[in-house]
Amino acid sequence: MVKKILVISVLSLCLIFATKVYGSNDVIKLKLNGETVSPDVPPQIINGRVMVPLRWVAQAMNAKVSWNQNDNSVSIDNLGVVANTPDNKVKLYPFSEENGYYKGFIMDIDGKRKYFDWYNMANPSFLPKIYYDDLNNDGNKEIIVILITGEGTGVLTQQMNIINPENFEEIGVENPLNVIKERVKTQILKGTTESTVKLNIDNKEEEIKISNDPNETLLDNIIFNEFYFYLIEENKLVVYINPIISYQRAGIGIGQIKISYNFDGKAFKAQTITYNSNYYYPDPLW
Ligand SMILES: [Ca+2]
């Protein structure tokens, strides 16, 4: 996926344009694909030439810029498309790569492009997914982008984005963790041989008994923000959440909560919340 396109000398870190000399206090704007960006080093006029920071330009062209101390060189590597729809109409390019994450993405719809301030793991096993589906039943398809923001033992976190392909506008999706805070009350009652987890969902109570394990330390209360994933099931947006009751169980423990969403005319809002003592994972999960 990463393709080396060229290596240049460190001396030419800037693109150079011959220009008329304006006052040295004039701020030179940098526009990338029509959008003004603010690079850490602004474009400058030096000896009558406009010098533009290469990193920002290269990143807007989906390339990664790195400095190689060993041979005094700068490498520009094309990051390439990381996700696309099957018909290749919609493509997603990372803007930059830092510390194992892609930071910022450029969405391309039939050649029209927009930058989004998203992040995703750069590990090729956990790239973003794009779907093209009419989720709100208005006869027009939306672009659905699911980003993996975290993954590890007992950890899976995602971010869901729904985009109107006509104008690149984001359609809101109610945050499932806020929905849980508002509508789910929980309690862990620790006993000597057996403990009880209470889940109160929209005033309907579930009691889950668990046998105590000397190797396990139950948390004081349930954590919901460490393992959840989004799916589109029968044209509906859903999210599955694994409540965490101890770190020894690494993401499994008492089953799953599922939130189903509905479109209310403006945004996708949580409708039903259900609890299941079994686990459901799509195959493949990612
Ligand atoms: Ca639609």
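Just so you know, all these numbers are worked out from the coordinates, no wet-lab data involved. All values reported here derive from a predicted model rather than from experimental measurement. We place every Cβ from the backbone using ideal geometry, glycine too, and count neighbours over all the protein chains shown.
List of remarks:
- GNM top mover of Leu92, Leu32, Leu135 - the chain, alpha-carbon springs below 10 Å: Leu32
- Computed from backbone phi with θ = phi - 60° and the Karplus coefficients 6.51, -1.76 and 1.60, the 3J(HN,Hα) list for the range 256-272 is 10, 10, 10, 10, 9, 9, 10, 8, 9, x, 10, 9, 8, 10, 5, 10, 9 Hz; x is used for glycine and proline.
- Once the mean of 1/r is taken over each pair of separate Cα atoms and inverted, the range 176-276 shows a Kirkwood hydrodynamic radius of 14.5 Å.
- Taking amide H atoms as placed 1.01 Å from N in the peptide plane, the amide H of Leu237 lies under 5 Å from those of Tyr261, each 5 or more residues away in sequence or on another chain.
- A cut-off of 5 Å between modelled amide H atoms, ignoring neighbours fewer than 5 places along the same chain, links Ile171 with Ile162, Ile163, Asn164.
- FRET efficiency, Asn278 to Asn137 (Cβ-Cβ, R0 30 Å, nearest 0.05): 0.50
- The local environment of Asn276, defined by Cβ-Cβ distances under 13 Å, has a net charge of 0 under the rule Lys, Arg +1 and Asp, Glu -1.
- Across the chain, C-alpha contacts under 8 Å between residues 6 or more apart give a mean separation that, scaled by the residue count, equals a relative contact order of 9 percent.
- What the pair-distance distribution of the range 143-233 shows, using all Cα-Cα distances binned every 5 Å from zero, is 3, 11, 16, 17, 17, 14, 10, 6, 4, 2, 1, 0 percent.
- Charge context of Leu219, other residues only, Cβ under 15 angstrom, K/R +1, D/E -1: -1
- Lys/Arg +1, Asp/Glu -1 at C-beta; the chain dipole; positive extreme among Tyr131, Ile254, Gly34: Gly34
- Hull-based mean projected area of the chain, where the convex hull spans the alpha carbons, in square nanometres: 20.6 nm²
- Rounded to the nearest 500, the 222 nm mean residue ellipticity of the chain from helices alone is -1500 deg cm²/dmol, with -39,500 (n - 2.57) taken per DSSP H run of at least 4 residues.
- Charge dipole of the chain (Cα centre as origin; +1 on each Lys and Arg Cβ, -1 on each Asp and Glu Cβ, all else neutral): 840 debye, rounded to the nearest 20.
- As a rough guide to protection, the peptides 215-223, 195-203, 245-253 ranked by mean Cβ packing within 10 Å, highest first, stand as 245-253, 195-203, 215-223.
- In the elastic network of the chain, a GNM with C-alpha springs shorter than 10 Å, the most mobile of Asn178, Asn136, Asn164 is Asn178.
- Check: the range 176-276 dipole with +1 on Lys, Arg Cβ and -1 on Asp, Glu Cβ, in debye: 260 debye
- Among the listed pairs Lys89/Lys236; Lys181/Lys269; Lys91/Lys141; Lys204/Lys236; Lys91/Lys129; Lys198/Lys269, a Cα-Cα separation exceeding 18 Å is found for Lys89/Lys236; Lys204/Lys236; Lys198/Lys269.
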